[in-house]
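The values are calculated or read from the model by the stated rules, or taken from the named source; none is laboratory data. Everything numeric in this text was worked out from a predicted model, so none of it was measured. Reconstructed Cβ throughout: ideal geometry from the backbone, glycine too, with neighbour counts over all protein chains shown. Ligands, DNA and RNA are stripped out before the accessible areas are found, and what is left, the full protein with its side chains, is counted by its heavy atoms. Shrake-Rupley method; radii C 1.70, N 1.55, O 1.52, S 1.80 Å.
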Amino acid sequence: MPSHRDSTDVARDAASRDRVERLIETHFPQLHSGGKLILIEEVGASTARLRLLAGEQQLRPGGTVSGPSMFLLADVAVYAAILGARGEAALEAVTTNLNITFLARPPAADLVARAHLIKLGRRLAVGEVEIFSTARSEMVAHAMATYALPPA
């Protein structure tokens, strides 16, 4: 049976997205130096959806979005999901491992990352990220990330 989302759920998600966006912009301004690169579209209790604005700087020869750009998107997506779940208390969370598998060459178009936390414990968070190009329907990359969480 499909879940029903009322206006309270939508408002809570928007507040969470705004809160996470403010935390990242305040504590990691270097992410957007030279212009906004990543948009936080949605944040839930253990999920996040982000968009990489694929400009000239994110392309590699051949007109495809570069691997380092996809890696950055995956890393920030998991971090946003953690901040959505734990808020400001998780600002000091650090990536301990990130493994990415590139599945297809994404054309010069925005990328959308869908992250969800598989485990959110006291010391570690493990997240999975699916990355899609807005120009094609199949997944272009898949990532798994582990973050060390600060002590409570």
Among the residues that make up the stretch 106-116, is at least one of them open to solvent by 30 Å² or more (accessible area, probe 1.4 Å), under 15 Å from the mean Cα position of the chain (by Cα) and acidic (D, E)? yes
Conditions (1) open to solvent by 50 Å² or more (accessible area, probe 1.4 Å); (2) assigned to a strand (DSSP E or B); number of the one not met by L50: (1)
All but one of (1) touching a residue at least 24 places away in the same chain (Cβ under 8 Å); (2) within 30 Å of P151 (Cβ to Cβ) hold for R22; state the number of the condition that does not hold. (1)
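Please verify whether A89 is open to solvent by less than 10 Å² (accessible area, probe 1.4 Å) and outside any strand (DSSP E or B), treating the condition exactly as stated. Step through it out loud before you land on a result.
Values: open to solvent by less than 10 Å² (accessible area, probe 1.4 Å): no; outside any strand (DSSP E or B): yes.
Judged against the criteria, A89 is not a match.
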Residue ID - modelled with the lowest pLDDT, chosen from residues in the stretch 1-32 that are open to solvent by less than 90 Å² (accessible area, probe 1.4 Å) and small (G, A, S): A11
